[in-house]
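The next block holds one structure in the form of structure tokens; read it before the comments.
No lab work stands behind these numbers, since they all come straight from the coordinates. This structure is a prediction, so every number in the text was calculated from the model and none was measured. Because the Cβ atoms are built from the backbone with ideal geometry, glycine has one as well, and the counts that use them run over all protein chains shown.
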Amino acid sequence: MIHNCLQFIIGYFNKDMARIHHAMKVYTYACAIARAENLSEYHYNTIAYTALLHDIGIVVAEKKYNSCAGKYQEIEGPSVARSFLETTNCSSQQIDRICYIIGHHHTYSAIDDIDFQILVEADFLVNIFEEHIQLPAIENISKTYFKTEFGKQLLTQLYLNI
């Protein structure tokens, strides 16, 4: 269940509140967008797990590469996520999908379906605030990466309706 995933994240990030809160914010936006898109429960659950786990590779990346760069998160994240997900009631197909998205979540050319699209939009909604991204870059992000109607509405309400 998803509550076990949240507990896992809290323990795994060793009470690093910034990373825990980032995961929770991405989860909240991703779930809201998924509901607005009227996705099936299967796809909704895939998105929920992916949103909480999307940055799980950061801990290993920092230890192994002394970097939290996205490319290292993509390399290290899937195996950490898989070992946790195998303790859940997720199917092997769902685990593979979650791990695929985690392993590509900074590779926007790899977006291949709505679940991946929603994760990217939710992550941008949070990163724009956390990284203090300025208006010209936000406008570019909007044009380039946002595809869902609700994701576009959130982006506009939060950052573009100034």
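Considering only His3, Phe116, Gly103, the residue lying farthest towards the positive end of the dipole of segment 1-150 is His3, judged by Cα position with unit charges set on Cβ.
3J(HN,Hα) along segment 123-139, derived from phi through the Karplus expression 6.51 cos²θ - 1.76 cosθ + 1.60 where θ = phi - 60°, amounts to 5, 5, 4, 7, 5, 4, 6, 5, 9, 6, 6, 8, 3, x, 5, 5, 4 Hz, with x in place of Gly and Pro. Only the Cβ atoms of Lys and Arg (+1) and of Asp and Glu (-1) were treated as charged; on that basis the dipole of segment 2-160 about its Cα centre amounts to roughly 240 debye. Each principal axis of the chain carries a Cα extent, and these read 43, 38, 28 Å when sorted largest first. Close amide H partners of Cys90, meaning residues 5 or more places away or on another chain with modelled amide H under 5 Å apart, do not exist here. Label sites at Thr28 and Lys143, each approximated as a point 7 angstrom past Cα along Cα to Cβ, lie 3.1 nm apart. For the chain, modelled as a GNM with alpha-carbon contacts under 10 angstrom, which of Ala122, Ala110, Ala137 fluctuates the most? Highest fluctuation of the listed residues: Ala137.
A run of the chain free of exposed loop cleavage sites, with GluC sites (Glu not before Pro) counted only in DSSP states other than H, G, I, E and B and at most 12 other beta carbons within 10 Å, reaches its longest extent at 1-85. Computed from phi, the 3J(HN,Hα) profile of segment 43-56 under the Karplus parametrisation 6.51, -1.76, 1.60 (θ = phi - 60°) reads 5, 4, 5, 4, 5, 4, 5, 4, 4, 5, 9, 4, 9, 4 Hz, with x in place of Gly and Pro.
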